[in-house]
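The values are calculated or read from the model by the stated rules, or taken from the named source; none is laboratory data. Just so you know, these numbers come straight off a predicted model, no measurement behind them. Glycine gets a Cβ as well: all are built from the backbone with ideal geometry, and neighbour counts include every protein chain shown.
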């Protein structure tokens, strides 16, 4: 898909510098034809405007490519400065990196939606379009550079969401033409990998790439990154986000972070109970689904089981509320004051005496009426108690059938924390298994985890334990570089700049599906 099909973000406030600035201006706003006595036909005028625009664009592209070809080998180290734009999902970022891999600036913005909701491509693109100009100016200011000192413009070409990708691609193309700089299209997955290699120092690791849209185990061979295993249905980040929406957890800073915190809270509470009871049993888990096929995984089964657990939890909560409400009503009915009862009785007696047609003493009527509420309450009490007991035991039976507890001395309730902990253990257990299998296949000495889910401390700990038992190393990053950011795009842009892997602005593209193994890695 050509990025020219989408609306261009505003470039107000971005300085126009470089040899192709005038050509870019002519491209953005074609010159009007000179006034004459006879107006030119509409078709001829459109053709002249199109010709002018095409010539200006081609001239700017040719100038940028020629400049890049001449400077590709000359610019090295600190003299090479690349600006990268990331916009594949709900985060938009702009990073500036030099030829040594030093991150000079890395601002970003995240599109946050209310709890229980996700982010739509159209709304996400509108957010990115409103933020990207500010981020470009901020990145230049934080890095203390000007457009004249920028050597190259890099952008995320995919994979990702179409509309957000278009915003970044259009912004990069505009800057390339406006400043007369060469353009580089970067694969988002490879940017994660190369940034991980740079930060952790892993030279040739087996890579576990886990994010909201991707789940892959990757190795390097024959000049390409090869996908050794991947998800067969949905990405792990998507699975976690859907559970977070069901639990109505906040989306700030990220749904996965909220799930991680809930799971850590449950583990801490359980270990505290163990310490009090002087036990050391394994933490029990909900009986979810575990699906591993060779080095591939499937997450739809565990998601379905988790959704069932969440719905059951909500059902139990509703039953408890109903039972408590019914109990309060019964208490109010049976705890009326003696004065209110006496007033009610006296009023009924007076009414019966006024309408009494047959003989009989008022004393008998009084005694008869006083016995009636007591008898009715005594008759209704067993039925109410039986109904309450039935509602209570239904939820308990379902909970007992769902929870597979390996600890007899610690009773577990179905809570959001328990659900999040069980979900993480199943998902991460599958990932560690296929990663270890890939390491054995490739005879790797290091494992590197990248992507948004890769900054989860529990996952990093599990991978660390597996690597240590194999006598290998593990590389992980924090949220600065593990989640989507512009610096990783700029860094891969610098690598591609050195290998002269440029793209003309008129041929710039973005693709929602852009697999890791499609890219020829010329810099390794």
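For the reader, a short list of remarks on this structure follows.
- Test: residue in segment 236-246 that is without any contact (Cβ under 8 Å) to a residue 24 or more places away in the chain, outside any strand (DSSP E or B) and under 21 Å from residue 285 (Cβ atoms): yes
- Qualifying residue in segment 255-267 (condition: touching a helix residue (DSSP H, G or I) at 6+ places or on another chain (Cβ under 9 Å) and either outside any helix (DSSP H, G or I) or within 21 Å of residue 501 (Cβ to Cβ) (or both)): no
- Options 477, 488: the member that is in contact with a strand residue (DSSP E or B) (Cβ under 8 Å, 6 or more places away or on another chain), part of a helix (DSSP H, G or I) and touching a residue at least 12 places away in the same chain (Cβ under 8 Å): 488
- Take the conditions (1) touching a residue at least 40 places away in the same chain (Cβ under 8 Å); (2) assigned by TED's automatic domain parsing to the domain that holds residue 430; residue 165 misses just one of them, which is (2).
- Strands (runs of 3 or more DSSP E) contained in segment 184-232 and holding at least 3 residues over 19 Å from the mean Cα position of the chain (by Cα) and farther than 26 Å from residue 170 by Cβ: 215-221, 224-230
- Subset of segment 106-130 (residues that are touching a strand residue (DSSP E or B) at 6+ places or on another chain (Cβ under 7 Å) and either surrounded by 22 or more Cβ atoms within 10 Å (Cβ to Cβ) or in a loop (DSSP other than H, G, I, E, B) (or both)): 106, 107, 128
- Checked against the criteria, residue 461 does not count as more than 16 Å from residue 257 (Cα to Cα) and exposed (fewer than 15 other Cβ atoms within 10 Å of the Cβ).
- For segment 156-167, the set of residues classified as crowded, with 24+ Cβ neighbours inside 10 Å and farther than 19 Å from residue 516 by Cβ consists of 164, 166, 167, listed by residue number.
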